[in-house]
Amino acid sequence: MASTIAEELAEKQREISVAEFFERNRHILGFDTLSRALVTSVKEAVDNSLDACEEASILPDINIGIDRISKNEYRITAEDNGPGIVKEQIPKVFGQLLYGSRFHTVRQSRGQQGIGISGVVMYSQLTTGRPARILSKIGPDRPAHLYDLIIDTKKNRPEILREEIVSWDKGTGTRLEVVAMGKYVREKRQSVLEYLRSTAMINPHAQIEFREPDGTVITFKRASDRVPQLPIEIKPHPEGCELGTVMKMAKDTESYRLSSFLVGEFSRIGNRTAREICSKALLDEDLRPQDLSRGQAKRLLQAFGGVKIMAPPMDCLSPMGEVLIKRGVKKEIAADMVATSTRPPSVYSGNPFQVEAGVAYGGELPKEQTAKLIRFANRVPLLYQQGDCVITKAVESIDWRRYGLEQRGGEGLPVGPVVFLAHVASTNVPYTSESKEAIADVPEIRNEVELALRECGRRMQAHIKKSERLQKLKEKEEIIRKILPLIAEKTSKVLDKPIPDISPIIAKIMDSVLIDGKSDYADGFYRVKIGVTNYTLHSKTFGLYLRFPSTALIEDASPQLDESKAGLIAWKLRLGPNDSIAISLRMGNLELGDYDMVECYVDKIDPEKVMGAEIWNGEFT
Amino acid sequence: MSNKPVESLEDVARSVYKDLVEAKIPKVNLSTRTKSNIVFDDDSRVWKYGDQLSTRSAKTSDGAYMLLRTIYTIEFIKEMLATNKSSTLREMYYISEGWDFAKFHEQQESDRLVEDLEVITRQLREDFKLRPEENGASIIGNLTVEEEVRRGGKRRINCKDDVGDAGYTIPTNVEKDKLRLVDADGDFIIALETGGMFDRLVENGFDESSRAILVHLKGQPARSTRRMIKRINSELGLPVVVFTDGDPWSFRIYASVAYGAIKTAHISEYLATPDARFLGITPSDIVNYNLPTDKLTDQDVKALNTELTDPRFGNEFWKGEIKLQLELGKKSEQQALAKYGLDYVTETYLPEKLSSLGMGG
Ligand SMILES: Nc1ncnc2c1ncn2[C@@H]1O[C@H](COP(=O)(O)OP(=O)(O)OP(=O)(O)O)[C@@H](O)[C@H]1O
Ligand SMILES: [Mg+2]
């Protein structure tokens, strides 16, 4: 699909000027409204910066600024610390449509068409007549090159207005400045801010600073020091390949024999598999691929389905992983709980893809509003055409009532303090159109999105249940700590009688040992506090266990731990009736989001007599 | 003054105290106050609470709060009675502001608790020196009452000659020690839902021409209004008809006058007038008189369906009318009769409807 528009473009170029083409396809290129034009300009620049940094294994530091020059005129500045662009290429990259480095790669990357950034230059030039200014530097001891340029719209060539060598106190990087017509909107779902926030979420390794027209500076902090692995290129996988594709591949191949064609042009087909396929398809291994008839191609396709072929290599994809998504979401959304899930890679029509999802619940999210949905494809947020997207369809087809949310009729977007997030990574994301804003409803993808979301949903449900239990517990505590003593006091006063001892009633209402754990994060530490109170009539001796992330370092535990083992701490406690104890400790070596809920377990005690902890069934000796 | 109210309140406190001393989780029981627990009492011909009991126990958060508030309220009433004061329900709600955890979040809650106390103690809120703040409704017609006046002594008022256009205002306490019914020269009482219709009948001289005593209900009638109607009906022997809008909420107004309200079923006997008849607007009237209508809202439809399961509307007449209204999907106001001119209601509609009830004419 990516090359479709490229080819189309190239063809049209001969007949019409690029300016005309641009005018006609504004909507496809994302410049159809003033507010969207700003979003698109920022997006094209940021996508390129992230791509370039990824290729060069650099942790991205990106600065975006938007200044208002007149009513509908804005200056957009985008700067990165990427590898920079070599001098000769700078004019072409920014001043020539269709100039890019990844036309024919089968790889997961943000940019695909070689139109993005020159489109921005074109748009600004057409709407304000102002040239673009570019500054780029490829090494600490190399000069920085500055260009002012416009696009010659007749020839689709850069026209350089100024070319200079300047000093720039930056190791490497690229900076772009354009002035374009636009409209700045804030805090809308479709806005520069929202785009950057979502981008920061899905790229936790990037640090992004954004200066709004009114001078407000928003910093999206880096939450991971790991540059995502660079995805590698692969060949099409036979599974789900379409007839047309196979026939075209057979025409174009340089192989002379069917078997070598299969081995050479497809991924995961070795000599043995090729032989197996040929015999299943009743085709001669020595058949010239160019002579493959339609019927034969069909048989070949069927044989693909009948033979066991390994899934495509997954290193061509770069999923974020559950931990990173969780960190990304936690830093941008103030929720109580974040559950994430990364599905194993899968294939549609020979294209490997992989789905990741997240669900954030509670906290400061609005309770009475329709759930928010954040969509990503190859780590790029999708802001427009939500209704057409496979992710939306998957979310809406799930009965979220079963996971503890409100949802009218069990379909559509549920209502509640919840945000859904899904990321589809693929060497070829099947967009519904060239504007790359919605992913087509491909059954395989939809299925994977659903599975990922359901898994997150199950964890959210467990969280909701747990919170409800905690709520009940809190209510009970309130009864015994505040209300009941007041009832006793007032009743005695009305009747002018002595206040009775209510501790036996408290024991009757609670009749258990109460365990209440809390945690909060500050300055690199999670501080954990656990209150334990014996509200029974008898003395209790039992073991209390606390689960912790295996990488955490436990410090300052009070009382002292009795034992500590991989991921588990233990205390032996003895509490008389009405006794209570406050346990505290801190966990170091953790980042925000690495620890969820305080999970306590107990043993050697009647489960009926414990509130706030589960019974420990595992081994601990 | 008898000590009955104080005694009965202390009884409640004593039972809570006893639970505490015996190490039982404290609780109080009271009649369940929902439509599933109202039964028809053959002797008094009104709907009262049945045998179902609800328990408010300190085991749950709601129950514990309710108990605490009950004790606070008891203490408050006791002090009031001891110092010979009285207060409005609204004042009591504001006083609860100082009750810490026990404070009410809206007046409905405190009003409801006072009703609960009535149910538990079998006393009336008047006995607890609590009164509603709003005045009762008004009366115009040839009825003479004798009312205690502020500076002491009594005064006779004729509700036709001694009052202005607004009529005689029914006081919040209409008990015999405060208000005596002297006599009435009229054939029936007509209770009206809206002020507009009340004024229309006054302006058209309906009270004189038809020898009617007009009572303005002001929407859902206050206790004193219902008590007043009941007293005129039983002491002076005047029949009662109720004339309201033609919608589900108006049917409930009639039901509370005639059968007793669900909320106050513990005192139905004392408030309800079982002989009161519903005059209109009936859903049949909407059809027969071809009245201007509005569409039923979702809430209206819900209310009608609830009424179909309300035992008070269990007779053939109401079942038929309610189903008809659901079919029509329409409702009408009583003032919609003005479609046929301002005199139509007094000259045509009311005479026709009254004679169909075997009255008037
Ligand atoms: N900030 C940058 N740093 C380094 N190289 C860049 C930068 N911006 C663009 N480039 C180079 O210029 C090329 C053209 O960028 P352009 O945005 O026009 O196309 P693209 O990113 O390949 O595809 P798309 O049209 O989908 O955006 C890129 O492929 C990349 O090689
Ligand atoms: Mg690009």
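For the stretch B:111-253, a/c is not less than 1.5, where a ≥ b ≥ c are the root eigenvalues of the C-alpha gyration tensor, and a/b does not top b/c. That puts it in the oblate class.
Helix B:4-21 axis versus longest C-alpha principal axis of chain B: approximately 50°, rounded to the nearest ten. With viscosity set to 0.692 mPa s and temperature to 37 °C, compute the Stokes-Einstein D of chain A, Rh being the Kirkwood radius across alpha carbon pairs; µm²/s, no decimals. D, rounded to a whole number, is 116 µm²/s. Just so you know, the Rg over Rh for the stretch A:486-566 is 1.18, from Cα atoms, with Rh as the Kirkwood radius. Rg/Rh for the stretch A:501-615 stands at 1.01; both radii use Cα atoms, and Rh follows the Kirkwood definition.
Over 27 Å between C-alpha atoms is what I'm after, so list which of A:183/A:372; A:367/B:295; A:248/A:436; B:230/B:302; A:490/B:129; A:465/B:18 land there. Beyond 27 Å: A:367/B:295; B:230/B:302; A:465/B:18. Size check on the stretch B:243-361: the Cα extents along the three principal axes, sorted descending, read 43, 35, 22 Å. Roughly how tilted is helix B:298-308, in degrees to the nearest 10 and between 0 and 90, from the longest Cα axis of chain B? Tilt of helix B:298-308: around 80 degrees. Based on the alpha-carbon gyration tensor of the stretch A:18-220 and its eigenvalue square roots a ≥ b ≥ c, which shape applies: rounded if a/c is under 1.5, prolate if not and a/b is larger than b/c, or oblate? Verdict is rounded for the stretch A:18-220. For the stretch B:126-205, applying the loop criterion from DSSP together with a ceiling of 10 other beta carbons within 10 Å to the trypsin sites (Lys or Arg not before Pro) yields B:150, B:151, B:176. If you take all C-alpha pairs in chain B, what percent of them are over 30 Å apart? Roughly 45 percent, once rounded to a whole number.
For the stretch B:104-166, GluC sites (Glu not before Pro) meeting the loop criterion (DSSP other than H, G, I, E, B) and having at most 13 other Cβ atoms within 10 Å: B:106, B:133, B:134. Computed per residue of the protein assembly as shown from DSSP H runs no shorter than four, each worth -39500 (n - 2.57), the mean residue ellipticity at 222 nm is -10500 deg cm²/dmol. When the Cα positions of A:306, A:290, A:249 are compared along the charge dipole of the stretch A:243-306, A:306 comes out farthest toward the positive end, with charges on each C-beta of Lys, Arg, Asp and Glu. Kindly identify the stretch A:339-461 as rounded, prolate or oblate by the Cα gyration tensor criterion: order the square roots of the eigenvalues as a ≥ b ≥ c, call it rounded if a/c is under 1.5, otherwise compare a/b with b/c, prolate if a/b is larger, else oblate. Judged from the Cα gyration tensor, the stretch A:339-461 comes out prolate (a/c at least 1.5, a/b above b/c). Mean projected area of the convex hull spanned by the Cα atoms of the stretch A:411-485, taken over all viewing directions: 7.5 nm². What's the center-to-center distance, using Cα atoms, between the stretch A:492-518 and the stretch A:185-200 in Å? Value for the Cα centre distance between the two parts: 53 Å.
Here is the tail figure for the stretch A:345-394: Cα pairs spaced more than 14 Å apart come to 64 percent of all pairs. Please give the Cα centre distance for the stretch B:261-296 versus the stretch A:40-62, rounded to the nearest Å. A separation of 73 Å, based on Cα centres. How many Cβ atoms of partner chains, on average, are near each residue of B:56-68 if near means within 10 Å of its Cβ? The shielding value for this peptide is 5. For the stretch B:261-308, the C-alpha radius of gyration divided by 2.2 N^0.38 Å, with N the number of residues, is 1.55.
Of the trypsin sites (Lys or Arg not before Pro) found in the stretch A:557-621, those that fall in a DSSP loop while having at most 12 other beta-carbon atoms within 10 Å are A:604. The phi-based Karplus calculation (6.51 cos²θ - 1.76 cosθ + 1.60; θ = phi - 60°) puts the 3J(HN,Hα) values of the stretch A:338-343 at 10, 10, 10, 8, 10, 7 Hz, whole numbers, x for Gly and Pro.
Using the alpha-carbon atoms, what tilt in degrees (0 to 90, nearest 10) does helix B:61-82 show relative to the longest principal axis of chain B? Orientation of helix B:61-82: about 90 degrees from the principal axis. Counting every other Cβ atom within 10 Å of each residue's Cβ, A:568, A:287, A:97 order from fewest to most as A:568, A:287, A:97. Hydrodynamic estimate: the Kirkwood radius of the stretch B:4-131 over Cα pairs, inserted into Stokes-Einstein at 20 °C and 1.002 mPa s, corresponds to D of 138 µm²/s. Ordered by the count of other Cβ atoms within 10 Å of each Cβ, fewest first, A:469, B:131, A:68 give A:469, A:68, B:131. Share of Cα-Cα pairs in the stretch A:569-621 beyond 17 Å, in percent? Tail of P(r) above 17 Å: 51 percent of Cα pairs. Cβ crowding within 10 Å, taken as a proxy for footprinting-reagent exposure, orders B:327, A:44 from fewest neighbours to most as B:327, A:44.
Across all Cα pairs in the stretch A:243-306, the calculated P(r) in 10 Å bins from zero up to the longest distance comes to 25, 66, 9 percent per bin.
Averaged over the residues of peptide A:472-481, the number of Cβ atoms from other protein chains lying within 10 Å of each residue's Cβ is 3.
We did not get these values from a lab; they are worked out from the coordinates using the rules stated. Note that the coordinates shown come from a computational prediction; the quantities given were computed from them, not determined experimentally. We place every Cβ from the backbone using ideal geometry, glycine too, and count neighbours over all the protein chains shown.
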